[in-house]
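First the structure, in the form of structure tokens, and then the observations on it.
The values are calculated or read from the model by the stated rules, or taken from the named source; none is laboratory data. This one's a predicted model, so the numbers in the text were calculated from it and none came from an experiment. For neighbour counting, all protein chains shown are included, and Cβ atoms are generated from backbone atoms with ideal geometry for every residue, glycine included.
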Amino acid sequence: MIDLHQVLKEKNDLLDRRLAEAKFTRDHAATPTESHSDKTRQNAEQLMDSLGDAKKKLHLLEIEVNRTPPLNSLATVNTLVTLRTPLGTKNFLLVPEGLGGQTINDIFLLSVASPLAKLFLGQKVGYIFTFSGGAHQIVYLNQNV
């Protein structure tokens, strides 16, 4: 199983490192009185603001992961889903919006806001749908624990 808390922690650690680098750059850049044309300090400040916003979004994702409902035989957040596709069987983990887009141990983290997930969200095993011109079927659902 995939530990979404670990995935979030790794993303948070990366943001912390990038934030520390931006602070260092800002603190060692020329001040406006020292150089009128150097924008390094201003750019570092903007990067720090963006990284702070990203950390807030990660915190909201962590709250969402903590309150995911238990498995109820439906494809919902934090559910491992196996789909039979025209190209073979594929494994997905449904995750909150903003956490998808990477593969861990041959399981693709699929955001519930993605076009594919929207087609089978809330459905049971056996559900058949069409995506990109091919038939897909849910063949397995399991709680990600």
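Candidates ILE63, ILE138: the one that is of a type in the set (A, V, I, L, M, F, W, C) and either within 18 Å of the chain's Cα centre (by Cα) or under 25 Å from GLN6 (Cα atoms) (or both) is ILE63.
Among residues of segment 1-25 that are more than 25 Å from ASN144 (Cβ to Cβ), those with a beta-carbon under 6 Å from a residue that is part of a helix (DSSP H, G or I) at least six positions away or on a different chain give the pairs ARG18/LEU51; LEU19/LEU51; ALA22/ALA44; ALA22/LEU47; ALA22/MET48; THR25/ALA44.
Within segment 28-40, does at least one residue satisfy the condition of being closer than 22 Å to GLN6 by Cα, free of Cβ contacts under 8 Å to residues at least 60 places away in the same chain and not hydrophobic (A, V, I, L, M, F, W, C)? Break it down stepwise before answering.
Looking only at segment 28-40, we keep the residues that are closer than 22 Å to GLN6 by Cα, and these are none.
No, segment 28-40 contains no residue that is closer than 22 Å to GLN6 by Cα, free of Cβ contacts under 8 Å to residues at least 60 places away in the same chain and not hydrophobic (A, V, I, L, M, F, W, C).
The single residue among LYS118, LYS55, LYS90 that is surrounded by fewer than 19 Cβ atoms within 10 Å (Cβ to Cβ) and either touching a residue at least 60 places away in the same chain (Cβ under 8 Å) or within 21 Å of LEU8 (Cα to Cα) (or both) turns out to be LYS55. Every condition in (1) within 14 Å of the chain's Cα centre (by Cα); (2) not in a helix (DSSP H, G or I) holds for VAL7 except the one numbered (2).
Checking segment 28-39 against the condition returns no match, with no residue being within 30 Å of VAL77 (Cα to Cα), out of contact with any Asp or Glu (no Cβ under 6 Å at 6 or more places or on another chain), assigned to a loop (DSSP other than H, G, I, E, B) and β-branched (Val, Ile, Thr).
Could you please let me know if LEU71 is at pLDDT below 80 and either within 28 Å of THR103 (Cα to Cα) or hydrophobic (A, V, I, L, M, F, W, C) (or both)? Walk me through it before giving the result.
Details: at pLDDT below 80: yes; either within 28 Å of THR103 (Cα to Cα) or hydrophobic (A, V, I, L, M, F, W, C) (or both): yes.
Here the answer is yes, as LEU71 does meet what is asked.
What number of residues within segment 40-63 are charged (D, E, K, R) and within 27 Å of ASN78 (Cβ to Cβ)?
If we filter segment 40-63 for residues that are charged (D, E, K, R), which is where we start, we get 41, 45, 49, 53, 55-57, 62.
In the following step, the residues that additionally are within 27 Å of ASN78 (Cβ to Cβ) were identified as 53, 55-57, 62.
The qualifying residues number 5.
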